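Data first, discussion second: the structure below is written as structure tokens.
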Amino acid sequence: MNESPPDPATSHVAEAPPAPPRRSDATRGAIIAAARERFAADGYERATIRAIAKDARIDPSMVMRYYGNKEGLFAAACAIDLRLPDLTAVPREDVGRALVTHFLDVWEKDEVLTAMLRVGITNAAGAERMQGIFKDQLLPVARRVCPDPADAPARAGLCASQILGVALTRYVLRFPPVVALSGEELADWAGPTVQRYLTAERP
């Protein structure tokens, strides 16, 4: 029985290497990384497109080309996905500890949230952006597990106060006793507090 030869077009497609990342993607990444550092160091008002472009080692016109103006760049730099895990499989009484563990893992591996926390402390636009991030991503978690969904905004806000407080003292102010704690110890201390904010009866 004669077998037909392989189709050259099909073989070529199957063996083709993945396309390399576009240069524009690398440029955007460099701009966003430089913008986050500059906004964190100088605040929104003092940070300039020229300084950010210099940090990214590109011409300022490229920043304007991709983001239009400083406001557009700031919005893009603050577009943060907290990457919250799927907590539907986590027992209700363990959600607090799971959240603390997740946030510590994110902060330890990625300095973006720390940079944005610095911006939020010193700048109203940064604070508003951080508020939006936690409202959009943490509030749905509170709604799913709290006894009364009407209390979810307050409970989510209290959870954020605990989580951001830990981040502020550990990664920004760097209080030695907090820095010295392991992630496991921090989860042991802060997890029950976050859990209480989420699921305890209203005071």
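The values are calculated or read from the model by the stated rules, or taken from the named source; none is laboratory data. This is a predicted model, so every value here is computed, not measured. Here Cβ is always computed from backbone atoms with ideal geometry, including for glycine, and neighbour counts include all displayed protein chains. Side chains are part of the model used for accessible areas, which takes the heavy atoms of the whole protein and leaves out ligands, DNA and RNA. Shrake-Rupley method; radii C 1.70, N 1.55, O 1.52, S 1.80 Å.
Numbers at a glance
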| read-out | value |
| --- | --- |
| Residue 73 out of contact with any Gly (no Cβ under 9 Å at 6 or more places or on another chain), hydrophobic (A, V, I, L, M, F, W, C) and outside any helix (DSSP H, G or I) | no |
| Close pairs from the stretch 38-53: first over 15 Å from residue 172 (Cβ atoms), partner outside any helix (DSSP H, G or I), Cβ under 6 Å, at least 6 apart | 38/47; 44/123 |
| Check on residue 58, over 30 Å from residue 185 (Cβ atoms), modelled with pLDDT of 90 or more and not in a helix (DSSP H, G or I) | yes |
| Selection status of residue 36, at pLDDT 85 or above, assigned to a helix (DSSP H, G or I) and within 30 Å of residue 142 (Cβ to Cβ) | yes |
| Residues (open to solvent by less than 40 Å² (accessible area, probe 1.4 Å) and under 30 Å from residue 149 (Cβ atoms)) located in the stretch 175-203 | 186, 187, 190, 191, 193, 194, 195, 198, 199, 200 |
| Condition check for residue 160: under 17 Å from residue 107 (Cβ atoms), in contact with a helix residue (DSSP H, G or I) (Cβ under 8 Å, 6 or more places away or on another chain) and not charged (D, E, K, R) | yes |
| Residues within the stretch 64-108 that are open to solvent by less than 30 Å² (accessible area, probe 1.4 Å) and in contact with a helix residue (DSSP H, G or I) (Cβ under 7 Å, 6 or more places away or on another chain), tallied | 15 |
| Residue check for residue 139: in contact (Cβ under 8 Å) with a residue 24 or more places away in the chain and either in contact with a Leu (Cβ under 7 Å, 6 or more places away or on another chain) or surrounded by 13 or more Cβ atoms within 10 Å (Cβ to Cβ) (or both) | no |
| Residue in the stretch 70-86 that is in contact (Cβ under 8 Å) with a residue 60 or more places away in the chain and not basic (Lys, Arg) present | no |
| Test for residue 166: is it farther than 14 Å from residue 114 by Cα, assigned to a helix (DSSP H, G or I) and of a type in the set (Val, Ile, Thr) | no |
| Boolean, residue 83 is part of a loop (DSSP other than H, G, I, E, B), farther than 19 Å from residue 169 by Cα and among the basic types (Lys, Arg) | yes |
